[in-house]
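Asks: One structure, as structure tokens, below. Some questions next.
The values are calculated or read from the model by the stated rules, or taken from the named source; none is laboratory data. These figures come from a predicted structure and were not determined experimentally. Neighbour counts run over all protein chains shown; Cβ positions are idealised from the backbone, glycine included.
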Amino acid sequence: MPPTLAEVNPRFNVARRLLGWYARHRRDLPWRPPRDHSHAPINPYTILVSEFMLQQTQVATVIPYFRRFMDRFPTLQALAAAKERQVLRLWQGLGYYRRARNLHAAAKKIAADFAGRVPHDPAILQTMPGIGRYTAGAVASLAYGARAPIVDGNVARVLCRLHLIRRDPRRPQTIRHLWQIAEQLLPRTRVGEFNSALMELGATLCTPGDPQCPLCPLRRYCRAAAAGLQRSIPTPRPSRPTPLVRRWTLCLSRRGRWLIEQRPPQGRWPGMWQFLTIPPLGPRPTPSQLRSRLGLRISPPRHIGQIRRALTHRRYVFDIFTADVDGTIPSVRPRRWLRLDQLHVYPLSRPQQQIAQLLAAL
């Protein structure tokens, strides 16, 4: 059985091997300095934006969004001065929209309280909206070289395999143990590169289903690989049934314009805009039913299609109806009457974008 990392010199052996591998094999990503300019100054703002985007989202998905976002908001001050609607519009399609609102709020706080300079202290960073221990450590170490450990899903998997940790890495006791290991492994210098290398190892070689152990720079220390258990560690998350949520989407028109409304700041798709969407009131909507429930005087609704959307914890089915509206509509939240060619100004979730495409095809 290989020695544990505590039985070797982790700050030398592990860091030396991992950093050497990283220098040769790391991916060129838009928030990193190019490989041939690896010692170029790092912009902390780009690290902040990328880390928010990378929360629960894969690198390949993030890259085009990151580039568009940085083109529109090249500095923290530009982001802080933007309207929330503009920020959400650039985030449209990336999902987990609360991240966008938290990033915007954090930029405003940094602009107001820190003269626009991203703090280098992880403890201060954790006082910002949407920044927990991992994001604080990533920003502080990657941008400033601060001695801050990081543990995300990729790092947790690497550490569990290296130490043959069979416990569920999502349990609080295991999480605390992994943070302790990550802190012990930090080298004296090049902390940001080391943390990046650890994440890169988990993302490219030490993957969940098919780890590439023969290519791993730390294979001589991996106790899971030595025991032939690398594919069963960490313990997989138990599968749970995904609840199905049904909604009616009422696409209401008046003189060539369609009604959209803003969603509440909490819950699913916070702050985004949508066609009027409600829980079903029966087999299908009727004019009398909607007039009684919503105060609307409308023509008989016509069913034009169905949109299905699977998210992490639930599945949605939207039944789409169109109807003409007669008179005014009571409003309890921001609403707009727009032509379809004006919708690009407002951030819409992916299902609402698909609904707009259905309307355009009528």
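Asks: Quick one: which of Ile260, Ile320 is touching a helix residue (DSSP H, G or I) at 6+ places or on another chain (Cβ under 6 Å) and closer than 17 Å to Gln357 by Cα?
Replies: The unique qualifying residue is Ile320.
Asks: So which residues in segment 198-225 are in a helix (DSSP H, G or I) and free of Cβ contacts under 8 Å to residues at least 12 places away in the same chain, if there are any at all?
Replies: Pro214, Leu215, Arg219
Asks: Determine whether Leu276 is over 20 Å from Leu343 (Cβ atoms) and surrounded by 14 or more Cβ atoms within 10 Å (Cβ to Cβ).
Replies: no
A quick yes/no check of all residues on (1) in a loop (DSSP other than H, G, I, E, B); (2) hydrophobic (A, V, I, L, M, F, W, C); (3) assigned by TED's automatic domain parsing to the domain that holds Leu103:
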{"site": "Trp31", "(1), (2), (3)": "yes, yes, yes"}
{"site": "Val49", "(1), (2), (3)": "no, yes, yes"}
{"site": "Pro64", "(1), (2), (3)": "no, no, yes"}
{"site": "Arg67", "(1), (2), (3)": "no, no, yes"}
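Asks: Right, another one. Test each condition in (1) more than 28 Å from Ala100 (Cβ to Cβ); (2) surrounded by 18 or more Cβ atoms within 10 Å (Cβ to Cβ) for Ile304 and report the one that comes out false.
Replies: (2)
Asks: Still on this structure, please answer the following. May I ask you to list the residues in segment 217-240 that are surrounded by fewer than 12 Cβ atoms within 10 Å (Cβ to Cβ) and not small (Gly, Ala, Ser)?
Replies: Of everything in segment 217-240, those that are surrounded by fewer than 12 Cβ atoms within 10 Å (Cβ to Cβ) and not small (Gly, Ala, Ser) turn out to be Pro236, Arg237, Pro238, Arg240.
Asks: Can you tell me which residues in segment 38-54 are over 15 Å from Arg89 (Cα atoms) and buried (at least 17 other Cβ atoms within 10 Å of the Cβ)?
Replies: Asn43, Pro44, Tyr45, Thr46, Ile47, Leu48, Val49, Ser50, Glu51, Phe52, Leu54
Asks: Oh, and also: Of all residues in segment 132-154, count the ones that are assigned to a helix (DSSP H, G or I) and buried (at least 24 other Cβ atoms within 10 Å of the Cβ).
Replies: Counting residues in segment 132-154 that are assigned to a helix (DSSP H, G or I) and buried (at least 24 other Cβ atoms within 10 Å of the Cβ) gives 7.
Asks: Report yes if Pro64 is surrounded by fewer than 20 Cβ atoms within 10 Å (Cβ to Cβ), over 18 Å from Leu201 (Cα atoms) and at pLDDT 95 or above, otherwise no.
Replies: yes
Asks: Could you name every one of the strands (runs of 3 or more DSSP E) located completely within segment 287-362 that has at least 1 residues being of a type in the set (Asp, Glu)?
Replies: It comes to 315-324.
Asks: Looking at Phe52, Phe69, which one is closer than 24 Å to Asp121 by Cα and not basic (Lys, Arg)?
Replies: Phe52 is the lone residue from the list that is closer than 24 Å to Asp121 by Cα and not basic (Lys, Arg).
Asks: In this structure, does Pro243 turn out to be touching a residue at least 40 places away in the same chain (Cβ under 8 Å) and surrounded by 14 or more Cβ atoms within 10 Å (Cβ to Cβ)?
Replies: The answer is no for Pro243.
Asks: Okay, next question. State whether the residues of segment 120-133 include one that is assigned by TED's automatic domain parsing to the domain that holds Met199 and in contact with a strand residue (DSSP E or B) (Cβ under 9 Å, 6 or more places away or on another chain).
Replies: Among the residues of segment 120-133, not one is assigned by TED's automatic domain parsing to the domain that holds Met199 and in contact with a strand residue (DSSP E or B) (Cβ under 9 Å, 6 or more places away or on another chain), which makes the answer no.
Asks: Here's a follow-up. Any idea which residue in segment 104-119 is surrounded by the most Cβ atoms within 10 Å (Cβ to Cβ), counting only those that are outside any loop (DSSP other than H, G, I, E, B) and not charged (D, E, K, R)?
Replies: The residue in question is Ala107.
Asks: Now a separate question. Identify the single condition in (1) touching an Asp or Glu at 6+ places or on another chain (Cβ under 7 Å); (2) in a strand (DSSP E or B) that Thr235 does not satisfy, given that it satisfies every other one.
Replies: All conditions pass for Thr235, except number (2).
Asks: So which of Arg117, Arg170 ends up being at pLDDT 95 or above, of a type outside the set (Val, Ile, Thr) and either more than 17 Å from the chain's Cα centre (by Cα) or within 22 Å of Arg32 (Cα to Cα) (or both)?
Replies: Arg117
Asks: Right, here's the next one. Failed condition for Arg314, given (1) within 24 Å of the chain's Cα centre (by Cα); (2) farther than 30 Å from Thr242 by Cα, with all others met?
Replies: Here Arg314 meets the rest and fails (2).
Asks: Go through segment 193-216 and count every residue that is of a type in the set (Gly, Ala, Ser) and surrounded by fewer than 20 Cβ atoms within 10 Å (Cβ to Cβ).
Replies: 2
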